[in-house]
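Inspection log for the structure reproduced underneath, given as C-alpha cells.
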C-alpha cells in the first residue's frame with residue numbers, strides 16, 4: 001500500500017500534471033498483479049506504474065494498493081517507490097528561482113531617466129542617453145519534472 005498527500009509546508013493545494021507513481025519490487029519476478037486504482041505491470045522490469053494524470057493534491061491522504069503474486073514458495077518483496085510530475089506556477093503556488101525577465105523600454109517625453117542598469121554608460125556616441133527604464137516581463141514558470149524516491 002502506498003499513501004501520499006501534499007506536504008503541509010508546500011501550501012494547502014497544488015495541481016500536479018502528469019503525475020506518475022512507480023513501484024519497484026525485489027526478489028523473484030511476480031506472476032501476476034492486482035492494483036487499485038488500475039495500474040500497469042511490467043514483469044520483466046519488476047515494476048508497476050500508475051499514470052494518474054492531472055491531480056489536485058491537498059493534505060488529504062490518498063491510497064494506492066498493489067498485490068503481487070509470485071510462484072509457489074517465492075514471493076516478490078517491496079523495493080522502492082518513485083513519483084514523477086510536472087508543476088505549473090500559479091499565484092497560490094509560486095515557483096521562485098531568483099531569475100526574472102526584463103526588457104529595456106524607451107521612455108516617451110522628457111522624463112527623468114530611472115535606468116537601474118549597472119552596465120549603462122552615461123552617454124552614447126557623445127550625446128545624452130535617451131531616458132529608459134527596465135520593465136519586468138510577465139513569465140510563466142514550470143517545474144518540468146520532479147522526482148521523489150522512497151526506499152523501504
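FYI, it's all coordinate maths here, none of it is from the lab. No experiment lies behind these values; they were computed from the predicted model shown. Quick reminder, even Gly has a Cβ in these numbers, built from the backbone with ideal geometry, and neighbours come from all protein chains shown.
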With the requirement that a residue be touching a residue at least 60 places away in the same chain (Cβ under 8 Å) and surrounded by 16 or more Cβ atoms within 10 Å (Cβ to Cβ), what does region 56-77 give you? 64, 66
I'm trying to understand the selection: among the residues of region 35-55, which are exposed (fewer than 13 other Cβ atoms within 10 Å of the Cβ) and farther than 29 Å from residue 13 by Cα? 42, 44, 45
Any residue at all in region 66-84 that is in contact with a strand residue (DSSP E or B) (Cβ under 9 Å, 6 or more places away or on another chain), part of a loop (DSSP other than H, G, I, E, B) and closer than 19 Å to residue 148 by Cα? no
